[in-house]
1. Pairs of alpha-carbon atoms within less than 8 angstrom and 6+ residues apart define the contacts here; what relative contact order does the chain have, in percent?
2. Over segment 53-96, how many percent of alpha carbon pairs lie in each 10 Å bin up to the one with the longest distance?
3. Please tell me the relative contact order of segment 55-101 in percent, rounded to the nearest whole number, where contacts are Cα pairs under 8 Å and at least six residues apart.
4. Quantify, in whole percent, the carbon and sulfur part of the accessible surface of the chain (1.4 Å probe; protein heavy atoms only).
5. Using +1 on the beta carbon of Lys and Arg, -1 on that of Asp and Glu, and nothing else charged, what's the dipole of the chain about the Cα centre, debye to 20?
6. Counting other Cβ atoms within 10 Å of each Cβ, which chymotrypsin sites (Phe, Trp or Tyr not before Pro) in segment 1-57 have at most 15 and sit in a DSSP loop?
7. Using only Cα atoms, what is the ratio of the radius of gyration of the chain to 2.2 N^0.38 Å?
8. Work out from phi, with θ = phi - 60° and the Karplus expression 6.51 cos²θ - 1.76 cosθ + 1.60, the ³J(HN,Hα) of each residue of segment 65-77, listed in order in whole Hz, and give x for Gly and Pro.
Amino acid sequence: MSLRTGVYRGDATISVASQGTGSVTVVVEWFLGGAQGSYSVPDGTDSFVVQAGSSAPVVRSHTFTRDRGCYGGVRVTTKPTAANKSASASQYLLRCQEVPR
């Protein structure tokens with residue numbers, strides 16, 4: 001999983017390789033925080049289903065709430081739970097950069 005952020009937006013590229021015969025539900029949780037890796041303020045959720053035998057990457061986009069932190073984060077989990085449990089990433093949001101004068 002990788003995360004790319006802009007001024008108010010985050011794009012998470014998620015790769016899930018589903019093995020076996022059942023589908024997998026991927027849960028994407030978006031967060032804001034005041035520090036790198038801080039997932040203190042929930043900012044939305046999304047989910048999608050990956051069919052058995054599928055492994056194509058999926059891009060999910062999110063517009064972060066204004067004035068709630070300078071780091072946007074995403075945590076990805078699966079149902080049933082994957083062997084590696086979860087993946088997460090956080091990045092500095094460009095909206096927090098000082099404008100040159």
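1. 36 percent
2. Per 10 Å bin, starting at zero, the Cα-Cα P(r) for segment 53-96 comes out as 20, 45, 26, 9, 0 percent.
3. After rounding, I find 33 percent.
4. Here carbon and sulfur together make up 47 percent of the probe-accessible area.
5. Dipole of the chain, to the nearest 20 debye: 80 debye.
6. Working: sites: TYR8, TRP30, PHE31, TYR39, PHE48; in loops: TYR8, TYR39.
For chymotrypsin sites (Phe, Trp or Tyr not before Pro) across segment 1-57 that sit outside H, G, I, E and B with at most 15 neighbouring Cβ atoms in 10 Å, the list reads TYR8.
7. 1.16
8. Per-residue couplings from phi come out as 5, 6, 6, 10, x, 9, 10, x, x, 9, 10, 10, 10 Hz.
The values are calculated or read from the model by the stated rules, or taken from the named source; none is laboratory data. Predicted model only: the values in this text are computed from it and were never measured. Virtual Cβ from ideal backbone geometry, glycine too; neighbours counted across all protein chains shown. Ligands, DNA and RNA are stripped out before the accessible areas are found, and what is left, the full protein with its side chains, is counted by its heavy atoms. Shrake-Rupley method; radii C 1.70, N 1.55, O 1.52, S 1.80 Å.
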